[in-house]
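Student: Structure in structure tokens, see below.
The values are calculated or read from the model by the stated rules, or taken from the named source; none is laboratory data. Everything numeric here is computed off the predicted structure, so don't read it as measured data. Here the Cβ positions follow ideal geometry from the backbone for every residue, glycine too, while neighbour counts run over all protein chains shown.
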């Protein structure tokens, strides 16, 4: 896990959850953090903007998305993959 990417993703998620980044752990789910579907979409937009990537995310059916949102760790891994693919 790239620390820079992980830190930025955690900061985005923490901002959306109105938490301190130190309170966001890799094993947390977005539900654990109190992030609803609108917060998820806003987080995805913020991630896309922060990393200049396009996230393959289906807001209408997140479970069918190619972007794994099952945990903070999964989101970080998915972002790392998209950043790597873009390079």
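Student: Can you name every one of the helices (runs of 4 or more DSSP H) wholly within the chain that holds 2 or more residues which are touching a strand residue (DSSP E or B) at 6+ places or on another chain (Cβ under 9 Å)?
Tutor: Fully inside the chain and qualifying: nothing.
Student: Pairs only if they're at least six apart or on different chains, beta carbon under 7 angstrom, first in the range 43-63 and closer than 13 Å to residue 30 by Cβ, second surrounded by 15 or more Cβ atoms within 10 Å (Cβ to Cβ) and modelled with pLDDT under 85; list them, first residue then second.
Tutor: Close Cβ pairs (under 7 Å, with a partner that is surrounded by 15 or more Cβ atoms within 10 Å (Cβ to Cβ) and modelled with pLDDT under 85) amount to 44/57; 57/65; 57/67.
Student: Can you name the residue in the range 70-84 that is within 18 Å of residue 31 (Cβ to Cβ) and surrounded by fewer than 20 Cβ atoms within 10 Å (Cβ to Cβ) and, of all such residues, is modelled with the lowest pLDDT?
Tutor: 70
Student: Moving on to the next point. Only one residue in 9, 41, 72 is out of contact with any helix residue (DSSP H, G or I) (no Cβ under 8 Å at 6 or more places or on another chain) and under 25 Å from residue 85 (Cβ atoms). Which one?
Tutor: Step by step, each of 9, 41, 72 is checked, and only 41 is out of contact with any helix residue (DSSP H, G or I) (no Cβ under 8 Å at 6 or more places or on another chain) and under 25 Å from residue 85 (Cβ atoms).
Student: Further, regarding this structure: For the structure I just gave you, tell me whether residue 39 is surrounded by fewer than 14 Cβ atoms within 10 Å (Cβ to Cβ) and in contact (Cβ under 8 Å) with a residue 12 or more places away in the chain.
Tutor: Against the criterion (surrounded by fewer than 14 Cβ atoms within 10 Å (Cβ to Cβ) and in contact (Cβ under 8 Å) with a residue 12 or more places away in the chain), residue 39 does not qualify.
Student: Could you please let me know if residue 10 is touching a residue at least 40 places away in the same chain (Cβ under 8 Å) and surrounded by 15 or more Cβ atoms within 10 Å (Cβ to Cβ)?
Tutor: yes
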